[in-house]
Structure formats: C-alpha cells, structure tokens
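Single-structure report; data block below.
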Amino acid sequence: MPSHEEHVIQISNAVRDFFEHGQPFRIFHGSTNSTRPTDRRHAVDITPLSNVLKIDTSSRTALVEPNVPMDKLVEATLAQGMIPPVVMEFPGITVGGGFAGSAGESSSFRYGYFDQTVKSIEMVLADGRVVTASSFENSDLFKGAAGSLGTLGVTTKLELQLIPARRFVKLHYSPYFTIHETIKAVKRQTENPDNDYVDGIIFSKTHSVVMTGQLTDEIPHPAKAHKFSGSWDPWFYLHVKDKTLQGPSTEYISIAEYLFRYDRGGFWVGRHAFKYFNLIPFNRYTRWFVNDFMHTRMMYRVLHAGEMSFGFMIQDLSLPYGTAEEFIEYTSERLGIWPLWLCPLRAVDPPTFHPSHIEDGKLQPMLNIGLWGPASTNIETFVQQNRDLERRLTELGGRKVLYSHTYYPEEEFWKLYDREWYGKLRESYAAANLPTVWDKVKVDKLYLTRNRSWLQRLASSWPFGGIIGIWHAIRSKDYLIHRKPGWTYWKTRLSK
C-alpha cells in the first residue's frame, strides 16, 4: 500500500496540474454528511487518506488522515485508553469533515468545535505546495481553514488532542415544562465544572429534557450499563422521552455507546422515513426489521441518491441564549417541527465561519438548535421557507452551521462573514482557483425551480426518491460493511 507521504505527493501533483491550467476543483472524500447536493466534477480524490497513523499516549495526541471516520478514531484511541475531547455523534463523520465543517457535540460547551481540539494540520495548498499549519506556524491559515469547508486547500493530516477515557458516562435526565426554563437550565449546566457533557431535547412546548453527563469508571450495584446500538435496543431519543415522563432519573452508558447514541434513527429523522412510506407502522418490531437502514451512514446514502433533502428542513442554527426562545417560537409557529436538539457551544473568536456572537464587547457562548423535519414539498414554497428562516435567524443574531442548504444571496452572505479577511487568506495561500465558501454552500434555486427535466423531478418525487435512495444504499459498501457482525468496535466489545 502507498505510504501517507506517497499519497500526499499524488494529491499535490493533481492539485498543481489544476492550478497550472487555471482549473477550479473540488475535493472528493468518497462520502459526505452534508445535506447539500454533491458535485464530483473536477475533483481531487482523497479517499485513500483514511488511516490512523499514530497515537502517542505520553503527549496525548493522535496523528490521523482526514477520511478517518469517528467510529474508527474512537476504536483506535480507546484501545490506548484515550478519547478525543469532542466526538461527533454520527460514526461516519470524518476527522477532516469535522475540522472543515463546524462540527460540535455535547462536550463543545467545554472544548469548543471539533477543530478547536486540533493541534496542527498538514495541507496541500491550491498551487500544490505542502505546508504545516498550527497556532505557531502559518497561524492565519490554521485559523482560517477551520470551518471554511476545504476552500483554502486540501487537508491531508491532522494532529488531534486526546484526553483520558473512562468506561462509562453517568447520564442524568432532568425534565422541564417550559422552553424558557429549559434554555436557562442548559446554560446553568454549562457553568457546572463537574459536567463533561451537556445537551437537551425539546419534545414539545411542555416537555423538554436537559441531559448532563460525567465520565466515570464505576457503576454502583445493581445498576447496569444501557445500550442503544443493538437492533432490539430503543432509539435514544425515544428512551429519553419515556424515561422522563415520571420525572428526573440517572443511568449509566458505556462511553462508546454514549458517543454514538444518536446514530440509530439519526436523532429522530429516521422516524420520517416511516412517515414517507406511510404503510409501515412505527414500532419496536418494524424498527428492528429495517434496522440496517436506520443507521446514519445508510440514511445519508438514501438522502443523496433520492435527492430527498428538498422538502425536508435539515438545519443547525446557533443563537445567543437571549434570543433562542424567540427563535423556537418562530419555528414552532411557521414550521411546527418537533423535537428540537439543543447543543451548547463555547464562544469562538472572530473572524470565523463558525457561528459567533459578541455582546457588550465580549465574546458570548451560543446555543445550537437542531431543526430537522418535514417542510413544504412545493419547491418554490420550500425555498421561501428557508429564506424566511435565514432572515429571522439574522435578525436574532444567529448563524447557520454551513453543512446544510443555504439560500443567502451572495451579498447578504458576505455581510454575515468577513469577506476581507477571507479574501486576504485566499490571496496569501494561492486559493483563488478553489470555490469560495459561498460557492460551496449556495443552492442553485434556478435549477430547483425551472431547469430540472421531468425525469429528474419524477426521480425525486414520492415514492420514487425513496426507492432509488434505498437501492443505491443497498449497493453501497457501507451496507455490506454494516451487515458484517461486529462492524464497529464500539458496538461489540466496548458495549459489554
């Protein structure tokens, strides 16, 4: 097998060829957890960069390539008694995707976005040069590359911070009965130094749950560790809802089961697959029967192959704590989407493409709201719903996480982000022939509303979009891997 260095030379040569011909290009990873339509034309293929290169327990660091998914990373680090401080909740999200795409999770109130746990990167610049960037070397590139969606170069290696692992997470569920009290509780819990993890679910205006977790090696007798990865296990969000109907409670979950607790069902998005094929009831037996398709790797395959992200609102929106309740009232009235996910985020220094907020001259933490549910199936109305959502978000001081559909006009987009800072970076590091962040995140509204053929429209309509998506998912290597016993380390040995 070619070494890491040999792969980097191949990528460097391919990039240099595009540069010398003045040809824009994109980066092809082999998979994606973005909901935007993919474009593989004029792409540099980095799919071979999928290895954990080294784990150093003395320095508490890991050297990894960008296409390493979260489950493979956790498998490798746990074997050495370590874990990354921030682990994205879907096993298929990659290290490079997390660095480039503003990824966060329930530990982000303490450690920040995933990229804020990265110590250094190796990058092939858009002219083919290979450089290292960190807080001490090419620091402007290091800061700018985080969250900028691969538009400053091709990241080929990352040095990650690690922390000591524990066997379990002691997870406490606290129910609340108003949105106002829920948001206050989330913020209060982020200020508790005993908490390693904090997130929340709003099931309705009268039922919310704030979850706080602490790492531990011990389970008191007679408690047992709960599991969520097996085909007969409950989906995590349904378990939380049932668990809190009678009041607060505490339970223990093995560390890997906790980190990927939302994988089955993709939080609750998988429930809408049952509604899409409305002849299938939603119960424990049917969830068991279609379990292979209810993991997020498979769900993303179906989503992209069937162009099913249109007509479905999949957005992560970060707001100041002071306006989050007003925004939820807006989405409740306009879209009626429940549940909502709450993920508190540490403050980020601008300029950045991460959501960031300054109030009274001080950087402020933000609250991410996961808004995932059905919207209008009429394309014109769907686009308008997204534009209205973007306007209201801006009015309330919020920003989107840029993995999703984005409909801002170009000038409006650059009023939200520092175009001058970004432009200087692109000039300094020869990135002019790469797409800009706006180029990558925009959705072509003209294509959606006018220029698609009748066959394309049919293929993305009910039920053909779902059928096509399932067919492509079955043919994918992810399905074949998933069918193998013990397909991930965390699902077998680590959950015992």
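The values are calculated or read from the model by the stated rules, or taken from the named source; none is laboratory data. Keep in mind that this is a model prediction, so the values were computed, not measured. Don't worry about glycine lacking a Cβ; one is built from the backbone with ideal geometry, like all the others, and counts go over all protein chains shown. Surface areas here come from the heavy atoms of the whole protein model, side chains and all, with no ligands, DNA or RNA. Shrake-Rupley method; radii C 1.70, N 1.55, O 1.52, S 1.80 Å.
What the Cα atoms of region 4-164 give is an Rg and a Dmax of 15.1, 48 Å.
Which whole-number percent of Cα pairs in region 194-311 have a distance greater than 25 Å?
30
Using the Cβ of Thr394 as centre and a radius below 12 Å, the other residues enclosed give a net charge of +2, where K and R count +1 and D and E count -1. By accessible area, using a 1.4 Å probe on protein heavy atoms only, region 4-164 has 47% of its surface on carbon and sulfur.
Ordered from largest to smallest accessible area (heavy atoms of protein chains, 1.4 Å probe), the residues Met123, Met1 come out as Met1, Met123.
With K and R counted +1 and D and E -1, the other residues having a Cβ less than 14 Å from that of His180 yield a net charge of 0.
Rolling a 1.4 angstrom probe over the protein heavy atoms, how many square angstrom per residue are accessible across the chain?
That works out to 43 Å² per residue.
Within region 62-202, how many lysine pairs that are 8 or more places apart, or on different chains, have C-alpha atoms less than 19 Å apart? Final tally of qualifying lysine pairs is 4.
Using heavy atoms of the protein chains and a probe of 1.4 Å, the accessible area assigned to Asp194 is about 110 Å². Please give me the summed charge of the neighbours of Asp316: other residues whose Cβ is under 11 Å from its Cβ, Lys and Arg +1, Asp and Glu -1. Value of the local net charge: +2. Among complete DSSP H helices in the chain, those whose alpha-carbon atoms stretch at least 18 Å along the helix's long axis and whose mean Kyte-Doolittle hydropathy reaches -1.0 are 4-20.
What fraction, in whole percent, of alpha-carbon pairs in the chain exceed 38 Å separation?
When all Cα pairs of the chain are counted, 22 percent exceed 38 Å.
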